[in-house]
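Asks: One structure follows; several queries about it will come next.
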Amino acid sequence: MRVKGVLQLYITVLSIILLASCGAQSGAVSVSPEEKAVFEQQKGDPVKIADAESKYEIVIIDPGFYSWLKSFAQPEGYYSQTFLENRNAIYVMNWNQRVLLPMQYDPNLYELQIDYDPDIDYGYEVNYKLYNYFIYFQRKYNQRLGPYLPRI
């Protein structure tokens, strides 16, 4: 009888720890009604992310991204290029893993891999816009591409 009581206590404590850790990891992101309205936009110009020196470009066709970038993102210069490069490396790695797992992750969200080499200097603007697209994407589609909450 005593073993059963200890076992129940152990299971209860383990359950509480598990629930607490799940709650801490999910980290709900608060999205304002204004931001939600931008997410629901059906029309918008594509955003071209390019650097003339490196000759790399990314085109983002998500209709609300440009409006979100101008309305909600931190201004250029807010983050250092090193910060942006470090975050982009993590986000790209997780994004590309999800592209390769279409049975586990929505293939409509993760369609194409992103060719991003952390050893290449893409310049500030490319890293800034790419980083902000990852923040926008995570907030709009309620995704987590890394250990950080997608805050603005």
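The values are calculated or read from the model by the stated rules, or taken from the named source; none is laboratory data. Values in this document were obtained by computation on a predicted structure and should not be read as measured data. We place every Cβ from the backbone using ideal geometry, glycine too, and count neighbours over all the protein chains shown. To get the accessible areas, we keep the full protein, side chains included, count just its heavy atoms, and leave off ligands, DNA and RNA. Shrake-Rupley method; radii C 1.70, N 1.55, O 1.52, S 1.80 Å.
Asks: Does anything in the stretch 70-88 have its amide N under 16 Å from the 7 Å Cα→Cβ label point of residue 121, and if so which residues?
Replies: Under 16 Å, as judged by backbone N against the label point of residue 121, lie 80-86 of the stretch 70-88.
Asks: Among 79, 58, 33, whose Cα projects farthest towards the positive end of the dipole of the stretch 33-152, with charges put on the beta-carbon of Lys, Arg (+1) and Asp, Glu (-1)?
Replies: My answer, from the dipole projection, is 33.
Asks: Let me ask something else. Between residue 49 and residues 5 or more places away or on another chain, which pairs have amide H atoms under 5 Å apart, with H built 1.01 Å from N, and which residues are they?
Replies: 58, 59, 60
Asks: How large is the charge dipole for the stretch 65-139, taken about the Cα centre, if only the Cβ atoms of Lys, Arg (+1) and Asp, Glu (-1) carry charge, to the nearest 20 debye? Display every interim value, and only then the final one.
Replies: On the way: 5 positive and 9 negative charges, 79 e Å.
It works out to roughly 380 debye.
Asks: With every protein chain present, what is the per residue accessible area of the stretch 89-152 (1.4 Å probe, Å²)? Numbers along the way, then the final one.
Replies: Values: 3480 Å² over 64 residues.
Dividing the accessible area of the stretch 89-152 by its residue count gives 54 Å².
Asks: Applying the Karplus parametrisation 6.51 cos²θ - 1.76 cosθ + 1.60 with θ = phi - 60° to the phi angles of the stretch 132-139, what ³J(HN,Hα) value in whole Hz is obtained for each residue in order, glycine and proline being reported as x?
Replies: So the Karplus estimates, Gly and Pro as x, are 5, 5, 4, 5, 4, 4, 5, 6 Hz.
Asks: Decide, for the stretch 25-152, between rounded, prolate and oblate: order the square roots of the alpha carbon gyration tensor eigenvalues as a ≥ b ≥ c, take rounded if a/c falls under 1.5, and otherwise choose prolate if a/b is larger than b/c, else oblate. Kindly include the intermediate steps, with their values, before the conclusion.
Replies: On the way: a/c = 1.34, a/b = 1.13, b/c = 1.19.
Rounded.
Asks: Using a 1.4 angstrom probe on heavy atoms only, work out the carbon and sulfur share of the accessible area of the stretch 100-152 in %.
Replies: On the way: 1490 of 3050 Å².
Carbon plus sulfur share of accessible area: 49 percent.
Asks: Which of the peptides 132-139, 70-77, 57-64, 86-93 is most tightly packed, and how do the rest follow, judged by the mean count of other Cβ atoms within 10 Å per residue? Walk me through the intermediate numbers first.
Replies: Details: 132-139: 22.1, 70-77: 12.2, 57-64: 14.9, 86-93: 17.9.
For the peptides 132-139, 70-77, 57-64, 86-93, the packing ranking is 132-139, 86-93, 57-64, 70-77.
Asks: Just to compare against my own numbers: the Cα pair-distance distribution for the stretch 95-152, 10 Å bins, whole % per bin, please.
Replies: 21, 49, 28, 2
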